[in-house]
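As structure tokens, the structure follows; a few thoughts come after it.
The values are calculated or read from the model by the stated rules, or taken from the named source; none is laboratory data. Since the model is a prediction, treat every value here as computed from it, not as a measurement. Every residue, glycine as well, gets a Cβ built from its backbone with ideal geometry; the counts of neighbours run over all protein chains shown.
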Amino acid sequence: MTGLAAARRIVVKVGSALLVGQDGADRHWLAAFAADVARLRARGQQVLVVSSGAVALGRRRLNLAKRALTLSEKQAAAAAGQSALMRAWEEALEPHALHAAQILLTRDDTEVRRRWLNARATVETLLALGVVPVVNENDTVVTEEIRYGDNDRLAARVAQMIGADVLVLLSDIDGLYTADPRRDPAAQHLARVARLTPQIEAMAGGANLGAGVGTGGMATKLAAAKIAAAAGCATVITLGHRPSPLQAVEDGERATVIEASTTPAQAYKSWIAGSLAPAGALVVDAGAAEAVRRGKSLLAAGVRRAEGRFDKGDAVVIRDEAGHEIARGIVRYEAEDATRICGLKSEAIEAALGYTSGPLVHADDLALAARAPV
């Protein structure tokens, strides 16, 4: 079982070789894939697409020679091709009454906490509205030093960011083999990988070096799967060169499933609890302390004071008035604004600040202390 049928949220990475044909975007493949997406949406699942293709389409539009492009040429091609790429996605989804929304990310958008929060909030809103976000690296502005390098890794970071259950990497091969099946007839297909050991990863270093599309090969797909697994997201690697590849996987066509090592929620809470250095603290009253222990969001009304200098997106410690740590969380206001709204009811925040970002710390961004006092 691939887990696709039961997944609440799915990220699918589509490479240039699938999208771009001899005369531009491959609209026949896109139409079949869009029907696949519409089928998942109809049964209540949320789908986000990470799509390559802007540079490939743009270089044709600009008549750039078939050679390695300079960085400035690649950025120009991305700028010229991104509109064509989005038009192709919009035309494919339109017959199913689905809307596409373009999101262009750089590595900082998934690595810098404040930008990560902003990007996540945008994606969450789009998914809640029934839109299909189409994500690509912002090749018009990135340099070699700050780029992801391939959309497999970008897709894994996006899956991590939005708490996806399954990441699907569409490839030109139907999964991971013990050796390169193009060269070794005895190579065995691996239908399921419980854990990415060094031995498993080594299979992609040489044996599957020719697998994959665009700038990524099987090695980058396993690197992406490793990121996803740590975030509680399973990865499916399967053949993309067929109509409705997601339906094909559900129908039992060959694929490799790399299992998650935890759940998305548990992975995120562990990251908050153990990986982020707190930049400040929020001291709360007894009622707020009890609400947080019960998994509720931390509202400004129950906060006595803010301590330290922190920005929106920083980690903070939440303490009761006796000084006991109750939890840690990602704060949604900077320290100065947090101080101004301490003790205020939610409906009074916008009048005080001119804006509102909801609770001081949302329940989804809270991790209880190991031994929260009761």
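Points to keep in mind about this one:
- Residues (modelled with pLDDT under 95 and in a helix (DSSP H, G or I)) located in the range 39-55: Ala54, Val55
- The range 255-279, subset among the β-branched types (Val, Ile, Thr) and touching a strand residue (DSSP E or B) at 6+ places or on another chain (Cβ under 8 Å), residue surrounded by the most Cβ atoms within 10 Å (Cβ to Cβ): Ile258
- Residues satisfying the stated conditions in the range 309-324, i.e. under 13 Å from Ala289 (Cβ atoms) and in a loop (DSSP other than H, G, I, E, B): Glu321, Ala322, Gly323, His324
- Residue within the range 129-136 that is over 28 Å from Ala32 (Cβ atoms) and in contact with a Gly (Cβ under 9 Å, 6 or more places away or on another chain) present: no
- Scanning the range 204-231 for residues that are in a helix (DSSP H, G or I) and modelled with pLDDT of 85 or more yields a total of 13.
- Among the residues of the range 87-102, those that are buried (at least 18 other Cβ atoms within 10 Å of the Cβ) and farther than 15 Å from Gly130 by Cα comprise Ala88, Trp89, Ala92.
- Answer from Leu353, Leu360, Leu368 - the residue that is among the aliphatic types (A, V, I, L, M), more than 20 Å from Trp116 (Cα to Cα) and modelled with pLDDT of 95 or more: Leu353
- Hey, Arg294 in contact (Cβ under 8 Å) with a residue 12 or more places away in the chain and either of a type outside the set (S, T, N, Q) or farther than 20 Å from Glu350 by Cα (or both) or not: no
- Per-region count, the range 1-33, residues part of a helix (DSSP H, G or I) and of a type in the set (D, E, K, R): 1
- From the options Val55, Val37, residue that is within 16 Å of Asn138 (Cβ to Cβ), touching a residue at least 60 places away in the same chain (Cβ under 8 Å) and surrounded by 18 or more Cβ atoms within 10 Å (Cβ to Cβ): Val55
- In the range 113-133 there is no residue matching the filter, namely being buried (at least 23 other Cβ atoms within 10 Å of the Cβ), modelled with pLDDT under 90 and touching a helix residue (DSSP H, G or I) at 6+ places or on another chain (Cβ under 8 Å).
- Complete set of residues in the range 298-314 that are in contact with a Leu (Cβ under 8 Å, 6 or more places away or on another chain) and either free of Cβ contacts under 8 Å to residues at least 24 places away in the same chain or small (Gly, Ala, Ser) (or both): Ala300, Ala301, Ala306, Gly313
- The residue of the range 135-157 that is surrounded by the fewest Cβ atoms within 10 Å (Cβ to Cβ), among those that are modelled with pLDDT under 90, within 16 Å of the chain's Cα centre (by Cα) and not basic (Lys, Arg), is Gly149.
- Any hit, the range 305-318, residues being more than 25 Å from Val112 (Cα to Cα) and in contact with a Ser or Thr (Cβ under 8 Å, 6 or more places away or on another chain): yes
- Whichever residue in the range 325-359 is of a type in the set (Gly, Ala, Ser) and in a loop (DSSP other than H, G, I, E, B) and, among such residues, is surrounded by the fewest Cβ atoms within 10 Å (Cβ to Cβ): Gly354
- Residue list for the range 280-290, filter: crowded, with 19+ Cβ neighbours inside 10 Å and outside any strand (DSSP E or B): Ala288, Ala289
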